[in-house]
Amino acid sequence: MGLLGVPKQVAVERGLAEFRAGRPVILASTQESVVAFPVDGMTDASLAAFRQLCSPTRPYLLVTSRRARLLGIDCDGPSGLAIGDLHSAAAIFSIAADSRRTRQVEVATAGPNAEAAIALAKLALRLPALLVAPATDAAHANDPPLVTVAAEAVSLFRQAAIESLAIVSEANIPLNGGFLARFVVFRDGLGGTPVAVIVGKPDLAQPVAVRLHSACLTGDVFGSRRCDCGDQLRLALAQLEQHGGGIILYLEQEGRGLGLANKIRTYQLQDAGLDTVDANTVLGFDDDERDYGLAVRMLQVLGCTRVRLLTNNPAKLEGLSRAGMDVFGRVPLQGPINSDNRRYLAAKAKRAGHKLDHILGALSEPGDD
């Protein structure tokens, strides 16, 4: 493996850095070699430069099956959309992410590397929409050279990143409420720094009370009223302190795995009338993009093999179980309802299967909209 690591995994890491910087990469397989360019962050100038790089071939727009079906295209996987001579970055972005159909679209054949291109965009926390074209001699000869990523390596990368997880620092931190918590910081191959917050001294020989908490800047830090994230975090801390301790895993999964920028885009769509599930679909994402393999690995490193989850989301129990953790039940966390989070919580209860009986009860009360 050597100093730099496994070559194909290193290439994926470099490809992610290129996507985050708004630059194209070459995705190669035995079947095809294509250049993929994220729509997220694209400008008219960069679009023109990409067209020139791909000339004389016209690139097509690659979107997920969820986005394609919203546009009226029947498909089971990523779909290509012809963009012809469209030279407006904003117009292309609207095809990829607008809640309204602003123009007719024609299907273009998406090649065998399409799944890898979409997966790489999601790993980079970019909108899952890319311009794609065959990799020409000009693309291979570009200066500076384009990063080449093996398509088959992309699907293996997340697990490799999980396996690379290691503790890098830890310290005791006094919290409001008069108790100490130990913050254990991990680092993974994606460059992330998930944190385990250990409250008290949990007995690792018994099922440990655990909260998997997806980071929410708006709710956890700024007290947003449109979600219940901050309320659940504070409720979990209080419950763990009162009942002998446990662990909160603070995971970098903003917006159910979409990333902060895409979460704020879903808020714009919700302001226009969509619920949280449909907003994800408009942007081409699944209802929930989170992977709980990382959480299981963190718990294993800490010596925790059996858990009781503090959650209203049964999918978290299923996700942990599939990833190899013994789950011994669920403890609900019922936060307050307000006029700003009611619609969001109702969608989670009715459409995402969250156990929020107090929400459904409130909605059935006379006089409620």
| note | Those residues of segment 164-179 which are among the β-branched types (Val, Ile, Thr) and either surrounded by 12 or more Cβ atoms within 10 Å (Cβ to Cβ) or closer than 16 Å to Ala323 by Cα (or both) amount to Ile167
| query | Which of the residues spanning segment 79-111 are within 12 Å of Val132 (Cα to Cα) and either touching a helix residue (DSSP H, G or I) at 6+ places or on another chain (Cβ under 9 Å) or surrounded by 16 or more Cβ atoms within 10 Å (Cβ to Cβ) (or both)? | reply | Ser79, Gly80, Leu81, Ile83, Ala108, Ala110, Gly111
| request: Considering each of Gln242, Gln253 in turn, give the residue that is modelled with pLDDT under 95 and either closer than 21 Å to Leu180 by Cβ or polar (S, T, N, Q) (or both). | output: Gln242
| field | Filtered residue count, segment 184-200, keeping only those that are at pLDDT 95 or above and either open to solvent by 60 Å² or more (accessible area, probe 1.4 Å) or among the aliphatic types (A, V, I, L, M) (or both) | value | 8
| note | Taking segment 134-163 and keeping only residues that are open to solvent by 30 Å² or more (accessible area, probe 1.4 Å) and in a helix (DSSP H, G or I), one is left with Asp137, Ala138, His140, Glu152, Ser155, Leu156, Arg158, Gln159, Glu163
| What tally of residues in segment 205-243 results from selecting those that are part of a helix (DSSP H, G or I), surrounded by 16 or more Cβ atoms within 10 Å (Cβ to Cβ) and among the β-branched types (Val, Ile, Thr)? | 1
| message | Please verify whether Thr281 is among the hydroxyl-bearing types (Ser, Thr, Tyr), surrounded by 21 or more Cβ atoms within 10 Å (Cβ to Cβ) and under 30 Å from Leu120 (Cα atoms), treating the condition exactly as stated. | response | no
| Before we move on, is Leu131 open to solvent by less than 70 Å² (accessible area, probe 1.4 Å) and either within 19 Å of Arg51 (Cβ to Cβ) or under 17 Å from the mean Cα position of the chain (by Cα) (or both)? | yes
| note | Here the qualifying pairs (Cβ atoms under 8 Å; residues six or more apart or on different chains; first in segment 132-143 and within 24 Å of Ala82 (Cβ to Cβ); second open to solvent by 60 Å² or more (accessible area, probe 1.4 Å)) come out as Ala133/Arg58; Thr136/Ser55; Ala138/Ser55
| note | Residue pairs within 6 Å by beta carbon, gap of at least six or interchain, first lying in segment 101-119 and at positive phi and modelled with pLDDT under 95, second basic (Lys, Arg) and in a helix (DSSP H, G or I), listed first then second, are none
| query | Quick one: which of Ile83, Ile26 is in contact with a Lys or Arg (Cβ under 8 Å, 6 or more places away or on another chain) and in contact (Cβ under 8 Å) with a residue 12 or more places away in the chain? | reply | Ile83
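The values are calculated or read from the model by the stated rules, or taken from the named source; none is laboratory data. What you see is a predicted model, and the numbers here were worked out from it, not measured in a lab. Positions of Cβ are backbone-derived with ideal geometry, glycine not excepted, and every protein chain shown enters the neighbour counts. These accessible areas exclude ligands, DNA and RNA; they are computed on the full protein's heavy atoms, side chains included. Shrake-Rupley method; radii C 1.70, N 1.55, O 1.52, S 1.80 Å.
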